[in-house]
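Chemist: Just passing along the structure, written as structure tokens.
The values are calculated or read from the model by the stated rules, or taken from the named source; none is laboratory data. These figures come from a predicted structure and were not determined experimentally. Methodologically, a virtual Cβ is constructed for each residue, glycine included, from the backbone with ideal geometry; neighbour enumeration extends over all protein chains shown.
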Amino acid sequence: MTRWLLATLIAIFSGGWAGIGYIHAADSQWDEVVAASKGQVVYWHAWGGDEKVNSYIAWVVDQVRDEFGITLRHVKVGSISESVSLLDAEKTSGRTKGGRIDLLWLNGESFAALKRGNLLYGPFTHRLPNFAYVDTINKPTTLVDFTIPTDGMEAPWGMAQIVFFADTAHVKNLPQTLKRLGAWTERQPSRFTYPAPPDFTGTTFLKQALLDLVIDRTPLYKQVTESDFELYSSPLWDFLDSLHPNLWRSGKVFPSSYPALRQLMNDGEIDIAFSFNPAEVASAISRQLLPETVKPFVFSGGTIGNSHFLAIPKTASAKEGALVVVNFLLSPIAQAHKADPQVWGDPTVLDLRKLDTNLAALFEDQSRDDTTSVLEDLDRTLAEPHPSWTERLEEEWQRRYQR
């Protein structure tokens, strides 16, 4: 899955990976961190828009309470940008400690903004015993977030890649390129749509289309300029202008989120959708959120993939508690539970070869069928563009299409 992405990232960072080898260092003071964390209350700002994710976090709440004496509060946010704004406000007010956020689930433009604003605690990943299990070699996005080096300021939590899926009761030939998808919507109008940006799933569709449409992708991995944006995004708007009349409700209304998109398919209103979770189809079918006739597929030229991360604000009130929670989330037990399609299906960041036989078996025992076979087909992962492109694409999409 990673050889194409690794080549892209090496090209972006021609200077290599020097300077980040410290992440595998052990922390002899970890026992003191654990002891200090007991009794702390950790406020974790994390997206709350999906039932299975919320259920998994509720499981984590129970685990860290019972094992470490930590009270973990899931602060459900619609967008992590809300939390970024709160941290910006704390900085403006002069707050340097005692903040209201102890832990963040984030990536992309949110991490870039917080790192740029010097609002994050760290580097800290070298202090986490379980970080030694992370596969930083074969999963290079665990160290690079939308082209921005993490520098130990956030810990990778899970992997993601766009996977399309279709109801094979109505779709016989899967459109495995963007061009074929567009042609399919012409023949089957109103049977496809995507979430409205800035929903992250909808924004990722814009980036996927952009990567497929441009001839030279190099400028997409650099800070966007207005001249580059106008030149390189032009094919995207031309494509969307032709696509939208053939979408669900003629492209005049868009679902607000991925769960809303999935509901449209479950209700029989659309026949093709997509997710940022390769195991989503298996998970959704098991919960009767998608028909059993739905099958996943990927574009033959690759789809966007990334890692999602955990970060600790510089003003966090419970830094020790946050560190212990992150370390637990990187444990083989927590990662295996999260990777189970019956639980969440979020792919692990760990290198299973580093685990002993019993721990590795936690992953191997998970059920696999034709709804998860696509996991073996993710051999071309496209790197995320620079986060500045995300912001401009969202702004321009809203200017052109928001009603």
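Chemist: Restricting attention to the range 92-120, and to residues there that are farther than 19 Å from residue 46 by Cβ and touching a residue at least 40 places away in the same chain (Cβ under 8 Å), which single residue is nearest to the chain's Cα centre (by Cα)?
Modeler: Of everything passing the filter in the range 92-120, 118 is nearest to the chain's Cα centre (by Cα).
Chemist: Residues that are under 30 Å from residue 380 (Cα atoms) and either at pLDDT below 90 or buried (at least 18 other Cβ atoms within 10 Å of the Cβ) (or both): does the range 83-103 have at least one? Explain how you work it out, then say what you get.
Modeler: Of all residues in the range 83-103, those under 30 Å from residue 380 (Cα atoms) come to none.
Within the range 83-103 (the criterion being under 30 Å from residue 380 (Cα atoms) and either at pLDDT below 90 or buried (at least 18 other Cβ atoms within 10 Å of the Cβ) (or both)), the answer is no, since none of the residues qualifies.
Chemist: Oh, and also: Taking the range 61-86 as the region of interest, how many residues are charged (D, E, K, R) and touching a residue at least 60 places away in the same chain (Cβ under 8 Å)? Don't jump to the end; show me each part of the working.
Modeler: Initial filter on the range 61-86 (charged (D, E, K, R)): 62, 65-67, 73, 76, 82.
Still in the list and also touching a residue at least 60 places away in the same chain (Cβ under 8 Å): 67.
The qualifying residues number 1.
Chemist: Checking residue 205 against (1) out of contact with any His (no Cβ under 9 Å at 6 or more places or on another chain); (2) under 25 Å from residue 149 (Cα atoms); (3) part of a loop (DSSP other than H, G, I, E, B), which single condition isn't satisfied?
Modeler: The one condition residue 205 does not meet is (3).
Chemist: Surrounded by fewer than 19 Cβ atoms within 10 Å (Cβ to Cβ), at pLDDT 95 or above and not aromatic (Phe, Trp, Tyr), is that true of residue 204? Quick ask: steps written out before the conclusion?
Modeler: Working: surrounded by fewer than 19 Cβ atoms within 10 Å (Cβ to Cβ): no; at pLDDT 95 or above: yes; not aromatic (Phe, Trp, Tyr): yes.
The answer is no for residue 204.
This table checks each residue for (1) out of contact with any strand residue (DSSP E or B) (no Cβ under 9 Å at 6 or more places or on another chain); (2) among the hydrophobic types (A, V, I, L, M, F, W, C).
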residue	(1), (2)
251	yes, no
261	no, yes
268	no, no
273	no, yes
278	no, no
284	no, yes
290	no, yes
300	yes, no
314	no, no
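Chemist: Where residues in the range 300-328 are part of a loop (DSSP other than H, G, I, E, B) and either among the aliphatic types (A, V, I, L, M) or modelled with pLDDT under 95 (or both), which of them is nearest to residue 154 (Cα to Cα)? Before the answer, list the steps.
Modeler: We begin by selecting, within the range 300-328, every residue part of a loop (DSSP other than H, G, I, E, B); these are 300-302, 312, 314-318.
Filter once more, keeping what is either among the aliphatic types (A, V, I, L, M) or modelled with pLDDT under 95 (or both): 300-302, 312, 316, 318.
On the way: 300: 32, 301: 30, 302: 26, 312: 7, 316: 14, 318: 16 Å.
Among them, the one singled out is 312.
Chemist: Further question: Looking only at helices (runs of 4 or more DSSP H) that fall completely inside the range 211-293, which ones have 1 or more residues that are at pLDDT 95 or above? Even if it seems obvious, please write down each step before you answer.
Modeler: On the way: elements: 226-243, 258-266, 280-286.
So the answer is 226-243, 258-266.
Chemist: Consider residue 336 against the criteria (1) in contact (Cβ under 8 Å) with a residue 60 or more places away in the chain; (2) crowded, with 22+ Cβ neighbours inside 10 Å: it satisfies all of them except one. Which criterion is unmet?
Modeler: Going through the list (1) in contact (Cβ under 8 Å) with a residue 60 or more places away in the chain; (2) crowded, with 22+ Cβ neighbours inside 10 Å, residue 336 breaks only (1).
Chemist: Looking at residue 218 and the list (1) in contact (Cβ under 8 Å) with a residue 60 or more places away in the chain; (2) of a type in the set (Ser, Thr, Tyr); (3) closer than 25 Å to residue 107 by Cα, which single condition is not satisfied?
Modeler: (1)
Chemist: What single numbered condition from (1) out of contact with any Pro (no Cβ under 6 Å at 6 or more places or on another chain); (2) more than 21 Å from residue 114 (Cα to Cα) fails to hold for residue 150?
Modeler: It fails just one condition, (2).
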